[in-house]
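Trainee: This is the structure I want to talk about, given as structure tokens.
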Amino acid sequence: MADEKLKLAEIESLKKVAFFGISVATIATLVAIVATPMMYNYLQHVQSSLQNEVYFEHTCQGLKARVLGAKFEIQENF
């Protein structure tokens, strides 16, 4: 009888552990399902912003070079 009670107690404790493990795994899966697209969207936004900044800097550097080149040519003519 005592052996049977110990087995029942062990079964109940293992049920709690299994329920906790399944709950944690389910929550982790749901978080991954939601977080992955959000992270991808954010990284795509950051890349787009950086790409615009690089393009802006590239065009500004080209404009500065043309302006400085024109100033240099004007000074050479004097």
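Trainee: At 1.4 Å probe size, with no ligands or nucleic acids counted, give the accessible surface of I33 in Å², nearest ten.
Mentor: 110 Å²
Trainee: How much net charge surrounds E12 when only other residues with a Cβ under 14 Å from its Cβ are counted (Lys, Arg +1; Asp, Glu -1)?
Mentor: +2
Trainee: Oh, and also: Please turn the phi angles of region 28-35 into ³J(HN,Hα) values with the Karplus equation 6.51 cos²θ - 1.76 cosθ + 1.60 (θ = phi - 60°), one per residue in order, whole Hz, x for glycine and proline.
Mentor: 4, 5, 5, 5, 5, 5, 7, 6
Trainee: Full-extension gain between M38 and H58, please, as 0.36 nm times their residue separation minus the C-alpha to C-alpha distance.
Mentor: Computed gain between M38 and H58 is 4.2 nm.
The values are calculated or read from the model by the stated rules, or taken from the named source; none is laboratory data. Computed from a predicted structure; not experimentally measured. For neighbour counting, all protein chains shown are included, and Cβ atoms are generated from backbone atoms with ideal geometry for every residue, glycine included. These accessible areas exclude ligands, DNA and RNA; they are computed on the full protein's heavy atoms, side chains included. Shrake-Rupley method; radii C 1.70, N 1.55, O 1.52, S 1.80 Å.
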